[in-house]
1. Select from the range 19-50 the residues that are β-branched (Val, Ile, Thr) and outside any loop (DSSP other than H, G, I, E, B) and list them in ascending order.
2. Just to be sure before I move on: is Leu139 at pLDDT below 90 and either surrounded by 14 or more Cβ atoms within 10 Å (Cβ to Cβ) or farther than 30 Å from Gln16 by Cβ (or both) in the structure I sent?
3. Please specify each residue of the range 81-96 satisfying the condition of being more than 19 Å from His128 (Cβ to Cβ) and open to solvent by less than 80 Å² (accessible area, probe 1.4 Å).
4. Inspect the range 67-79 for any residue being assigned to a loop (DSSP other than H, G, I, E, B), open to solvent by 60 Å² or more (accessible area, probe 1.4 Å) and at pLDDT below 95 and give the result as yes or no.
5. Looking at the range 31-45, which of its residues are open to solvent by less than 20 Å² (accessible area, probe 1.4 Å) and either under 14 Å from Ile68 (Cβ atoms) or in contact with a Ser or Thr (Cβ under 6 Å, 6 or more places away or on another chain) (or both)?
6. So Thr104 fits all but one of (1) surrounded by 13 or more Cβ atoms within 10 Å (Cβ to Cβ); (2) more than 11 Å from the chain's Cα centre (by Cα); (3) over 23 Å from Val49 (Cβ atoms); (4) among the β-branched types (Val, Ile, Thr); what number is the exception?
7. Report the residue count in the range 63-91 for those that are among the acidic types (Asp, Glu) and in contact (Cβ under 8 Å) with a residue 12 or more places away in the chain.
Amino acid sequence: MILLSALLSIATLHAQDLARGEYLARAGSCRECHTVPGQPDFAGGAALVTPFGKFFPPNITPDLETGIGKWTEEDFQRALRFGISPQHKIYYPTFPYRAFTKITNDDMHSLFAHLRAQPGVVRQNRAHELEAPFGQRWLL
């Protein structure tokens, strides 16, 4: 009986994490940047046209090869808070990581749980198409 009660508590907490994560994904407009209209949610590829060129947000589904399926929660936090990829590359500021610097650890956990609960979508990330000299990462 105690084990069943503990399992139900864990399931309830997980469901609350997922619901909170979905709310945070909506509030942060994750879908709008990481989804091509008419394509699977969070699979990336929608062009963000800027005066510097086109940026293509990545696939953030839990696909192991083309998404964030191999990311740890620490990788996710580093990306959102500091704009640093799991490969330790700096993201371009079109990814609004500075807007997430003060997100709580609990909210970060819930958002990550929500993204990990989505269907994995195999979709290769597109390279940015930037005007010179903005494609030179060392300028960051």
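1. At the first step, the residues of the range 19-50 found to be β-branched (Val, Ile, Thr) are 35-36, 49-50.
Correct list: Val49, Thr50.
2. For Leu139, the condition - at pLDDT below 90 and either surrounded by 14 or more Cβ atoms within 10 Å (Cβ to Cβ) or farther than 30 Å from Gln16 by Cβ (or both) - is met.
3. Of the residues in the range 81-96, the ones more than 19 Å from His128 (Cβ to Cβ) are 81-82.
Scanning the range 81-96 gives a single hit, Arg81.
4. No, the conditions are met nowhere in the range 67-79.
5. Within the range 31-45, Phe42, Ala43, Gly44 meet the criteria.
6. (1)
7. 3
One line per residue, one yes/no per condition, for (1) under 22 Å from Arg26 (Cα atoms); (2) touching a helix residue (DSSP H, G or I) at 6+ places or on another chain (Cβ under 7 Å); (3) open to solvent by less than 40 Å² (accessible area, probe 1.4 Å):
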{"site": "Arg98", "(1), (2), (3)": "yes, no, no"}
{"site": "Phe112", "(1), (2), (3)": "yes, yes, yes"}
{"site": "His128", "(1), (2), (3)": "no, no, no"}
{"site": "Ala132", "(1), (2), (3)": "no, no, no"}
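The values are calculated or read from the model by the stated rules, or taken from the named source; none is laboratory data. Predicted, not measured: the structure shown is a model, and the values here were computed from it. Cβ: placed from backbone, ideal geometry, glycine included. Neighbour counts: every protein chain shown. Note: accessible area is taken over every heavy atom of the protein model, side chains too, but ligands, DNA and RNA are not part of it. Shrake-Rupley method; radii C 1.70, N 1.55, O 1.52, S 1.80 Å.
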